[in-house]
Amino acid sequence: MAELQYLDADEVTRRLPFPALIEALAEAFTHPIEAPPRLHGDLGSNPDRPEQRDLLVMPAWVPGAEAGVKLVTLFAHNDRRDRPRIQGLYVLFHPEHGTPLAVLDAAALTTRRTAAASALAARYLARPDATHLLVCGSGRLAHALPRAYAAVRALTHVTVWARRPEAARATAADLRFALPGVEVHEAEDLGAAVGAADMVTTAIPSAEPFLQGAWLRPGTHLDLIGSYRPTMREADHEALQRAALFVDTRAGVLAEAGEFIDALAAGVIAEADLLADLPDLVTGRHPGRTRDDEITLFKSVGTALEDLAGARLALRTLGSE
């Protein structure tokens, strides 16, 4: 057996520069890649200390070529333990004889491919002149998302909002260093920040919606990626009612996206309102945004196709942002 490569978080990040990763995802969505629905296990918790504890298993393969599987845990209270909320491994297998080729840090891979997928969607859904991005959150994704968006839009302003002001300040300080020439500020009033932004991306695993559709001004692009369970919602019904709706994959969103599941059950939207998914956008089957004053909404719950595309790129690309 050839020596098994291990790519730690820093190496995964270094090998997945956003411009190249966005293109790798776009290519992957145009080719036949098998990505079954992920296995989602609720690991339960101590009744005296309730905590969301999940295990995700996500396989994908290119027929006749590479295969891979991601194994991750999500423990909601790990910040109290000084450990990452998302931890795990990705294993990539050789296309000819099935030998394991590499093991990658799954948390870093997930962060990079999730941010890249949002930027890929924004390429089609955000106004071409959009320059002001609002980021809701303070975790790994909140730090990565503006870097990814900068690969598809000429950012001039980034605003950061988080539930804890000190977390917003820390995230903003990191982004000032990472994005020289971009004005970065933290916001206290979320409604005002949403109304001032051209693009809004949310990365908060919230049980209750914190973003109101009434705040969205015409022409805004909204990107919802924090919730990934039927019991989670980042935005209210009005946000979905006012927007042209797009998704990463229809099957994933209809099975796991709480905003959509709840709105469909309430009759607020219908499945026909899901205009297109990422394959539709990248292949040109749907043009994406059709008017400057249109509010667009992209919902992502993630797909193993993106993990495989990222892992394949990581083994052949060495670069930096």
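Observations, loosely collected:
- Verdict on A257 being within 22 Å of L211 (Cβ to Cβ), among the small types (G, A, S) and touching a residue at least 12 places away in the same chain (Cβ under 8 Å): yes
- Pairing each residue of the stretch 149-162 that is within 12 Å of L179 (Cβ to Cβ) and in contact (Cβ under 8 Å) with a residue 60 or more places away in the chain with any residue that is of a type outside the set (K, R) and assigned to a strand (DSSP E or B), provided the two are 6+ apart or on different chains, yields C-beta distances under 9 Å for A150/L133; A150/V158.
- Flag for L133 being within 23 Å of T303 (Cα to Cα), of a type outside the set (F, W, Y) and touching a residue at least 12 places away in the same chain (Cβ under 8 Å): no
Residues are listed down the side, and each one gets a yes or a no for (1) of a type outside the set (D, E, K, R); (2) within 15 Å of the chain's Cα centre (by Cα); (3) under 23 Å from G302 (Cα atoms):
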| position | (1), (2), (3) |
| --- | --- |
| P128 | yes, no, no |
| L141 | yes, yes, yes |
| P146 | yes, yes, yes |
| G181 | yes, no, no |
| E188 | no, no, no |
| V194 | yes, no, no |
| A197 | yes, no, no |
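- The stretch 283-299, subset touching a helix residue (DSSP H, G or I) at 6+ places or on another chain (Cβ under 6 Å) and assigned to a loop (DSSP other than H, G, I, E, B), residue nearest to P32 (Cα to Cα): H286
- Some residue of the stretch 116-123 being among the hydroxyl-bearing types (S, T, Y), out of contact with any Asp or Glu (no Cβ under 6 Å at 6 or more places or on another chain) and either under 30 Å from P218 (Cβ atoms) or modelled with pLDDT of 95 or more (or both): no
- For the stretch 226-258, a residue qualifies if it is assigned to a helix (DSSP H, G or I) and not charged (D, E, K, R), and the qualifying residues are H237, A239, L240, Q241, A251, G252, V253, L254, A255, G258.
- Number of the exception - K70 against (1) exposed (fewer than 14 other Cβ atoms within 10 Å of the Cβ); (2) not in a helix (DSSP H, G or I): (1)
- Residue in the stretch 204-225 that is in a loop (DSSP other than H, G, I, E, B), farther than 30 Å from M58 by Cα and among the charged types (D, E, K, R) present: yes
- For the stretch 105-154, taking the residues that are assigned to a helix (DSSP H, G or I) and among the hydroxyl-bearing types (S, T, Y), the one that is surrounded by the fewest Cβ atoms within 10 Å (Cβ to Cβ) is identified as Y124.
- Hits in the stretch 83-107 (condition: in contact with a Lys or Arg (Cβ under 6 Å, 6 or more places away or on another chain) and small (G, A, S)): A106
- So L55, is it under 19 Å from S227 (Cα atoms) and without any contact (Cβ under 8 Å) to a residue 40 or more places away in the chain: yes
The values are calculated or read from the model by the stated rules, or taken from the named source; none is laboratory data. Every value quoted in this text rests on a predicted model; they were computed, and no experiment measured them. Note that each Cβ is placed from the backbone with ideal geometry, even for glycine, and that neighbours are counted across all protein chains shown.
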